[in-house]
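**Q** Structure in structure tokens, see below.
What follows is calculated from the coordinates using simple rules that are stated; it is not laboratory data. Bear in mind the structure is a predicted one, so any value in this text is a computation, not a measurement. Cβ coordinates were reconstructed from backbone atoms using ideal geometry, including for glycine residues, and neighbour counts include every protein chain displayed.
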Amino acid sequence: MTTPETNSKPPSMRRSLFSRYTLIAFVAGAATTVGAVALAAATGMHHMMHSVMSADGKIDPAAASAHVDHVLKHLYAEIDATDAQKAQIEPLAHQAMTDLLPLHSQLLAAHARMKQALEQPTMDRAALESGRAALLQAADEASRRLVQLVGDIGDVLTPEQRKKLADHLQQMHGGAAAHAGSTH
């Protein structure tokens with residue numbers, strides 16, 4: 001008596017299914033990664049914005065500029081930047097800050113829309129979706145601008161400095177992930 005084959009699909013069909021599942025897994029993983037980066041950009045921007053807000057809730061440009069200078073000071077030490085590199089990087093970072101500041105008001109408006117939708121006697125799903133879409137759009141814009149800044153700074157650095165920058169960014173990313181998992 002012969003036993004039936006446990007996998008009745010022909011090898012070419014199994015490879016096709018494997019390829020299809022691999023592609024789906026890759027696309028899902030890429031989408032998750034893009035979403036996580038966008039969320040991290042928005043969250044990082046949101047936290048930075050709290051450190052540069054005045055008591056009345058408005059952005060204090062002097063505090064924002066001081067924050068950028070503080071971050072740059074640490075970056076320069078991490079990558080052993082020369083004075084010439086510092087002179088090129090500083091305006092790039094300050095321009096990025098100027099470009100990112102308006103996104104904060106977009107984030108606040110989206111949060112307000114979502115809060116308002118939740119407070120209504122009848123759930124306004126369209127308003128919730130609108131708020132979600134606005135949050136993602138602001139996060140996407142922030143992410144794009146931050147990646148542009150990293151690329152612009154990378155153009156100024158040597159390959160060894162870019163490696164140090166990449167290691168530093170990885171360390172920050174790992175630290176943020178560990179902090180997010182903590183329970184304080």
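**Q** Pop the C-beta distance of residue 77 and residue 122 into the FRET formula with R0 = 45 Å and round what comes out to the nearest 0.05.
**A** Numbers: r = 55 Å, r/R0 = 1.22.
It comes out at approximately 0.25.
**Q** Here is a follow-up. Note down the nm distance, to one decimal, between modelled labels 7 Å out along Cα→Cβ at residue 84 and at residue 60.
**A** 3.8
**Q** What net charge do the residues around residue 100 carry, taking every other residue with its C-beta under 15 Å from that of residue 100, with Lys and Arg at +1 and Asp and Glu at -1?
**A** Details: positive: 144, 145; negative: 60, 99, 140, 141, 152.
The answer is -3.
**Q** Describe numerically, in nm with one decimal, the distance between label points set 7 Å from Cα along Cα→Cβ at residue 155 and at residue 95.
**A** 0.8
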